[in-house]
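Below is one structure; the comments refer to it alone.
The values are calculated or read from the model by the stated rules, or taken from the named source; none is laboratory data. These numbers come from a predicted model, not from an experiment. Heads up, the Cβs are rebuilt from the backbone with ideal geometry, glycines too, and the neighbour counts pull from every protein chain shown.
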Amino acid sequence: MSFHGVPQGILGLPKQAHGVEAGEEEGAAFQNASRVKGTYILIGVFFAAFVVYYFVNWKLLSFVWKIG
């Protein structure tokens, strides 16, 4: 399938010259990036807790203030 006006590198990336794909060992940057996954999970948990807390507060305040 051919897309007109789209560079070839966008549709099929060439083999990388550096990194694990080129046969090199995993570097410190790759190891650090794999440890960041836990941070994203922790951020997601705190964000979800904040969202629930925010909407529960508004729901409870709507009962107390008798608005609407």
Do any residues in the range 50-67 that are not acidic (Asp, Glu) have Cβ atoms under 8 Å from those of residues that are not in a helix (DSSP H, G or I), where the two are at least six apart or on different chains, and which pairs are they? SER62/GLY68
Quick one: which of ALA33, ALA22 is among the small types (Gly, Ala, Ser), surrounded by 10 or more Cβ atoms within 10 Å (Cβ to Cβ) and modelled with pLDDT under 85? ALA33
